[in-house]
1. Quick check on ALA131: is it away from ligand 1 (no atom under 12 Å from the Cβ), of a type in the set (A, V, I, L, M, F, W, C) and touching a residue at least 40 places away in the same chain (Cβ under 8 Å)?
2. Taking region 274-320, which residues are under 17 Å from the mean Cα position of the chain (by Cα), within 14 Å of ligand 1 (Cβ to nearest atom) and open to solvent by less than 70 Å² (accessible area, probe 1.4 Å)?
3. Being of a type outside the set (Asp, Glu), open to solvent by 10 Å² or more (accessible area, probe 1.4 Å) and within 16 Å of ligand 2 (Cβ to nearest atom) narrows it down to one residue among GLY192, GLY178; which is it?
4. Give VAL187, VAL196 a once-over and let me know the one that is in a helix (DSSP H, G or I) and at pLDDT 95 or above.
5. Name the residue that is nearest to ligand 2 (Cβ to nearest atom), counting only residues in region 160-172 that are assigned to a helix (DSSP H, G or I) and open to solvent by less than 30 Å² (accessible area, probe 1.4 Å).
6. Taking the condition open to solvent by less than 50 Å² (accessible area, probe 1.4 Å), of a type outside the set (S, T, N, Q), under 26 Å from VAL324 (Cα atoms) and in contact (Cβ under 8 Å) with a residue 60 or more places away in the chain, does PRO153 pass?
7. Which one of these does MET113 not meet: (1) touching a residue at least 40 places away in the same chain (Cβ under 8 Å); (2) within 16 Å of ligand 1 (Cβ to nearest atom)?
8. Under 9 Å between Cβ atoms, which residue pairs at least 6 apart in sequence (or on different chains) link something in region 182-211 that is on the phi > 0 side of the Ramachandran plot with a partner that is surrounded by fewer than 24 Cβ atoms within 10 Å (Cβ to Cβ)?
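The values are calculated or read from the model by the stated rules, or taken from the named source; none is laboratory data. On a predicted model such as this, the values are computed, not experimentally measured, just so you know. All Cβ positions, glycine included, derive from the backbone under ideal geometry; neighbour counts span all protein chains shown. Each accessible area value is taken on the protein alone, full model and side chains, heavy atoms only, with ligands, DNA and RNA left out. Shrake-Rupley method; radii C 1.70, N 1.55, O 1.52, S 1.80 Å.
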Amino acid sequence: MASNLSFVLNKPNDVSFEERPVPKLQSPHDVLVAINYTGICGSDVHYWQHGAIGHFVVKDPMVLGHESAGTVVEVGAQVTTLQKGDRVALEPGYPCRRCSPCLSGHYNLCPDMVFAATPPYDGTLTGFWAAPSDFCFKLPDNVSLQEGALIEPLAVAVHIVKQARVQPGQSVVIMGAGPVGLLCAAVARAFGATKVVSVDIVPAKLEFAQSYAATHTYTSQRVSAEENARALLAAADLGSGADAVIDASGAEPSIQTSLHVVRMGGTYVQGGMGKADINFPIMALCLKEVTARGSFRYGSGDYKLAIELVAAGRVDVKALVNGVVAFKDAEEAFKKVKEGQVIKILIAGPNEKVDAGMDTSVDEKKLKEAQAAGSGGCC
Ligand SMILES: NC(=O)c1ccc[n+]([C@@H]2O[C@H](COP(=O)([O-])OP(=O)(O)OC[C@H]3O[C@@H](n4cnc5c(N)ncnc54)[C@H](O)[C@@H]3O)[C@@H](O)[C@H]2O)c1
Ligand SMILES: OC[C@H](O)C(O)[C@@H](O)CO
């Protein structure tokens, strides 16, 4: 059997490569998948740097990674939907299927969720991954395995935009032009929004957003939230407010501005995960009868729709990928994400050949801007 080398976080800033046993199928409904590509999420970087996100604390060594695509190498006796050789996007969280949220169709809210690279559970930066077959989504022939690794963050964006109930012809403002915000912009366009405004504090990110999916951009100012909102509405010609505002930054000033940007009776969605508690303009929420919703990971139908959007050419995920590195260079890739040098970088599986080296050249100006800005923080 090929290598099951795994990229393990031992403690903050201490990672190692370990050969681990190839996982066994736990049920006849499971499949074994050889991992081809894995993207890095802000939460992976946060665990690597801090060893914890909220009450999720890395106490024992944990394999990182949860944005993966791979190839089926073994199928359980009861699996009817997949066969060996199928290329799949992996949904990395497995709910209990028995609790009230699961039975009501909101399995992403399952309190007993087993989620990859969320302690105490290992992640997908490994050679082989065993998973329930209904959480492995076959990729159409025109969707590559590298695109498959982007389905996870795209499903996050699909869920957020669904929570915003975006309708054709509407205006949507998206705070944050990191991978999640950019993908929200692309999904909002695919849902028929005619005005999509990307907002960030880093001009270089907005330059990319404009070339990607945004119809308008706005550089957030260090002024009061009301003043910032007024300038944003004027800059994007949004009149008295946007139909929907999505926070994909987690930053307190962005959340505050959002409530002053949304129109009377509009919708606000909290997708970003920053500080647990902030000052929130609750009077604006009340007086404008704003509908506010949270958004957590993804649920029924989100992976399927994410794949369909890519297959149909409605969302371009390839444009976000700056490069692919070999498995042995995983820590370097983490450093590049932390330093804001890339939008998305993929790590090839330990048994995967990497043909072209990534372009590691760094635009010093963009890097400095990104480092100075930081972000709302992860989770
Ligand atoms: N809800 C979920 O299930 C879920 C899933 C994945 C990620 N997230 C969260 O979504 C957020 C975005 O994820 P990401 O990977 O794109 O992160 P990211 O850090 O790459 O992007 C955040 C962006 O927000 C910008 N920003 C910071 N302060 C701002 C401000 N005041 N106004 C406007 N923009 C500002 C940053 O410059 C950055 O471009 C993070 O908070 C992450 O934790 C949520
Ligand atoms: O995309 C899924 C997210 O990264 C996870 O929920 C993470 O933020 C916490 O485990």
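1. Here the answer is yes, as ALA131 does meet what is asked.
2. Result: GLY274, GLY294, SER295, ARG297, TYR298, GLY299, ASP302, TYR303, ALA306, VAL317, LEU320.
3. The match here is GLY178.
4. Of VAL187, VAL196, the one residue that is in a helix (DSSP H, G or I) and at pLDDT 95 or above is VAL187.
5. ILE160
6. yes
7. The number of the failed condition is (1).
8. GLY192/GLN167; GLY192/PRO168; GLY192/GLY169; GLY192/GLN170
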